[in-house]
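Colleague: Below: one structure in structure tokens.
Rule-based calculations on the coordinates, nothing more; no lab input. Keep in mind that what you see is a predicted model, and the values were worked out from it rather than measured. In this analysis, Cβ positions are derived from the backbone assuming ideal geometry, glycine residues included, and neighbour counts consider all displayed protein chains.
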Amino acid sequence: MNLRLKMLAAAAATAVGLAAPAFADAGDSPTLQRIQERGTVSIGHRETSIPFSYIGENNEPVGYSIDLCLKIVEAIEEQLGGGKLEVRYVPVTGQTRIPLIANGTIDIECGSTTNNLTRQLQVEYLPTTFITGTKIASKVGSGITELEDMSGKIIGLASGTTNEKAIKAAIEAKDLDIKIVPVKDHSQGWLALETDRIDAYGSDDVLLYGLISKASDPSAYHVTGRYLSFDPYALMVQRNDSTFERLGRVTMAGLMRSGEMAEIYAKWFEPGPTNINMPLSDTLRTAFEIQALPE
Amino acid sequence: MNYNWDWGVLLRDPYLGWIIEGLGWTLAISLLAWIIAFSLGSALGVFRTASSPVLRALATTYVEIFRNIPLLVQLFLWYFVFPELLPEDWSRWVKRDMPFPALTTAVVAIGLYTASRVCEQVRSGIEAVGPGQRQAGRAIGMTEVQVYRYILLPNAYRIIIPPLTSEFLTIFKQSSLALTIGVVELTAMTRQIEEYTFQGFEAFTAATIVYSLVTFTVMAIMRQVDRRTALPGTFSKGAA
């Protein structure tokens, strides 16, 4: 940017600053300022996190988390003065989601991300939207129920996931003889399981049910074992931006208070477009109730 | 940017060890793939310029196929599709019992792909020596094999040292594609560090520096090799 352009931009910014505050208020939030400046909200989405965030029939990202994010987009539009904002979808993976939030490429991540304390060093989370844990999927008749049955066998794990850490820790703790094959994402892990490259694939149980529902022969696979980790999902936003974070919290609390949250849940899980059929659990219902803060 | 910097993470146990181990795998893939690429590529380069039309057609077909399919696609084909075309127990051997299935697949795939590129370098080297040398060799009664052995190849290799060096550097960098089929080489280790510490920017900076150090070293060595072996009167004077 040369000097003249810079001055022009500064002048324009001043003009906007003088004219705008009455109806558009980005406040001290860097995220809201960025959204206002560009007129677009950048949403980070996953490609195979069924039914949270995946590529639907029209080649557009759809899912439970995406619906929740679109509610937040509506709240942003209201906050910034009611003008329609453009939504830009940015595909992310287990590895890219945190740096892309940290460097501001995406304003909000709508996927299937576990809220944990180490990650909170780099990013901030909105209220919990789903509760799951790590389990393993294998072929029916493989004789695998628990991780302990897999001695001498091979397990596939997606890089960058909390499941990878949980299963590695479980294997180390019990000194099990299980070979680990790292895979890039869920679809590749599933392909490896289908082609017998691995004996089991470890992930969040809900995602495993999602993958099975989309498999060529769903009856050939099953999800077994105890929970190997506790994974509460939440939408992810940038750190040190409490104004934007609060806007997200207000929206989510509103959805939980009005019961709309349960409706959106039902739309995707009971049984949902992918026939996943996971009725709202008591734990999650309680979580929604507790997080439904009053105005 | 909202980010907690922590450069110390790179020196902490076990992350430093991971970087070193990752570099080891990267070098292993690159060197093994280079052995395949260089030997097969040289043979194909000779075929490509040979007088026999059958050999020429064979080498040309190979180059057209392997050079025109993206390496990432080839990796996936070798890793996921190729084993399914084999008989049941062979398929199982390739997928499970073969030593280091992912690493071996990566070495073969990258090696075969780069062979097509090396072939083209060798061919251009042989052509750069010129038809006059070939005819002169045949005129004094050398067989075609002797012409290649004593005249064309010794000259051609010296001419193509700089482009071969960059082919090697390319193979070194392309070895990172092996992570897509689950080989935990340098880039994959870098990602792993990020996943455990969420200090991705520091980890990737470290990887950048390690890759650069290796490429600079290779370039410096090859420049010396090129200078020592340069033919008087050719344009090859150590420019890698």
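Colleague: How would you classify the range B:110-164 from its alpha-carbon gyration tensor, with a ≥ b ≥ c the square roots of the eigenvalues: rounded for a/c under 1.5, else prolate if a/b is greater than b/c, otherwise oblate?
Modeller: Cα axes put the range B:110-164 in the prolate bin.
Colleague: When A:216, A:112 are ordered from fewest to most other Cβ atoms inside 10 Å of their Cβ, what list results?
Modeller: A:216, A:112
Colleague: Could you put B:118, B:94, A:123 in order, starting from the residue whose Cβ has the fewest other Cβ atoms within 10 Å?
Modeller: B:94, A:123, B:118
Colleague: Relative contact order for chain A: what percent, with Cα pairs under 8 Å and sequence separation of 6 or more?
Modeller: Rounded, it is 23 percent for chain A.
Colleague: Chymotrypsin sites (Phe, Trp or Tyr not before Pro) within the range A:254-295: which are DSSP loop residues with at most 13 other Cβ atoms inside 10 Å?
Modeller: Here no loop site has a sparse enough neighbourhood.
Colleague: If you take every DSSP beta bridge whose two residues both sit in the protein assembly as shown, what share of them, in percent to the nearest 5, is antiparallel?
Modeller: Here the share of antiparallel DSSP bridges comes out near 60 percent.
Colleague: Can you tell me, using C-alpha contacts under 8 Å and at least 6 residues apart, the relative contact order of the range B:10-146 as a whole percent?
Modeller: 39 percent
Colleague: Please state the shape class of chain A: rounded when a/c is under 1.5, otherwise prolate if a/b exceeds b/c and oblate if not, all from the C-alpha gyration tensor.
Modeller: prolate
Colleague: Please list the non-local residues whose amide H lies under 5 Å from the amide H of residue A:48, H modeled 1.01 Å from N, same-chain partners needing a gap of 5 or more.
Modeller: Amide H neighbours of residue A:48, under 5 Å, 5+ apart: none.
Colleague: I would also like to ask the following. Using alpha-carbon positions, what is the distance between the centroids of the range B:80-119 and the range A:178-219, in Å?
Modeller: Computed from Cα coordinates, the inter-centre distance equals 21 Å.
Colleague: In addition: Need the C-alpha centroid separation for the range B:28-50 versus the range A:42-111, integer Å.
Modeller: With the range B:28-50 and the range A:42-111 each reduced to a Cα centre, they are spaced 47 Å.
Colleague: Same structure again: Ignoring everything except DSSP H segments at least 4 long, calculate the 222 nm mean residue ellipticity for chain A; use -39,500 (n - 2.57) per segment, divide by total residues, nearest 500. Please list the in-between numbers first.
Modeller: Details: 10 runs with 116 residues, N = 295.
Taken over chain A, the calculation gives -12000 deg cm²/dmol.
Colleague: Kirkwood Rh, the range B:7-229, all Cα pairs: how many Å?
Modeller: 19.5 Å
Colleague: For the range B:90-96, just list the computed ³J(HN,Hα) in residue order, Karplus coefficients 6.51, -1.76 and 1.60, θ = phi - 60°, integers in Hz, with x standing in for Gly and Pro.
Modeller: 3J(HN,Hα) across the range B:90-96, in whole Hz: 5, 4, 5, 5, 4, 7, 10.
Colleague: Over the whole of B:198-205, what's the average partner chain Cβ count within 10 Å per residue? Rounded to a whole number, please.
Modeller: 3
Colleague: Just want the answer: with Cβ charges of +1 for Lys and Arg and -1 for Asp and Glu, which residue in A:156, A:236, A:219 is farthest toward the dipole's positive end in the range A:138-295?
Modeller: Positive-most Cα among the choices belongs to A:236.
Colleague: With an 8 Å cut-off on Cα pairs and a minimum separation of 6 or more residues, tell me the relative contact order of the range B:41-98 in percent.
Modeller: 16 percent
Colleague: Tabulate in residue order the Karplus-calculated ³J(HN,Hα) for the range B:6-20, using 6.51 cos²θ - 1.76 cosθ + 1.60 with θ = phi - 60°, rounded to whole Hz; enter x for Gly and Pro.
Modeller: Computed from phi, the couplings for the range B:6-20 are 7, 5, x, 4, 5, 9, 7, 6, x, 5, 4, x, 4, 4, 5 Hz.
Colleague: Here is a further query. What list of ³J(HN,Hα) values in whole Hz, one per residue of the range B:221-231 in order, does the Karplus curve 6.51 cos²θ - 1.76 cosθ + 1.60 (θ = phi - 60°) give from phi, with Gly and Pro shown as x?
Modeller: 5, 5, 5, 5, 4, 4, 5, 5, 9, 4, 8
Colleague: So, one more: Where both residues lie in chain A, what percent of DSSP beta bridges are antiparallel, nearest 5?
Modeller: That works out to approximately 60 percent antiparallel.
Colleague: For residue A:131, enumerate residues with amide H under 5 Å from its amide H, sequence gap 5+ or separate chain, H modeled in the peptide plane.
Modeller: Hits under the 5 Å cutoff: A:233.
Colleague: On to the next question. How do the peptides A:185-191, B:196-202 rank, highest first, by the average count of neighbouring beta carbon atoms within 10 Å per residue?
Modeller: Put in order of decreasing packing, that is A:185-191, B:196-202.
Colleague: For the range A:187-272, what class follows from the C-alpha gyration tensor (a ≥ b ≥ c being the square roots of its eigenvalues): rounded when a/c is under 1.5, otherwise prolate if a/b is larger than b/c, else oblate?
Modeller: Prolate.
Colleague: Sticking with this structure for a sec: Taking each residue in B:187-197, count the Cβ atoms of any other chain within 10 Å of its Cβ, then average. What number comes out?
Modeller: Working: counts 0, 4, 0, 1, 8, 5, 0, 6, 9, 4, 3.
The shielding value for this peptide is 4.
Colleague: Next question. Quick one: check the C-alpha center-to-center distance for the range A:236-259 versus the range B:134-175, whole angstrom.
Modeller: 67 Å
Colleague: Let me ask you something else. In the range B:5-94, which trypsin sites (Lys or Arg not before Pro) fall in coil by DSSP and have 13 or fewer other Cβ atoms within 10 Å?
Modeller: B:12
Colleague: Based on DSSP H runs of at least 4 residues, each adding -39500 (n - 2.57), what is the mean residue ellipticity at 222 nm of chain B after dividing by all its residues, to the nearest 500 deg cm²/dmol?
Modeller: It comes out at -23000 deg cm²/dmol, rounded to the nearest 500.
Colleague: Further, regarding this structure: Would you mind ranking A:281, B:51 by Cβ crowding within 10 Å, fewest neighbours first? The partial results should precede the final answer.
Modeller: On the way: A:281 13, B:51 10.
The order, fewest Cβ neighbours first, is B:51, A:281.
Colleague: Which entries of A:153/A:184; A:84/A:135; A:267/B:95 show an alpha-carbon separation above 30 angstrom in the structure shown?
Modeller: In this structure, A:84/A:135; A:267/B:95 exceed 30 Å between Cα atoms.
Colleague: Per-residue counts of other Cβ atoms within 10 Å, averaged by peptide: what ranking do you get for B:139-145, A:89-95, highest first?
Modeller: On the way: B:139-145: 10.6, A:89-95: 19.4.
Ranked from most to least packed, the peptides come out as A:89-95, B:139-145.
Colleague: Would you please report the Å³ per residue occupied by the convex hull of the alpha carbon atoms in the protein assembly as shown?
Modeller: Working: hull volume 108.4 nm³, N = 535.
Hull volume normalised by residue count: 203 Å³.
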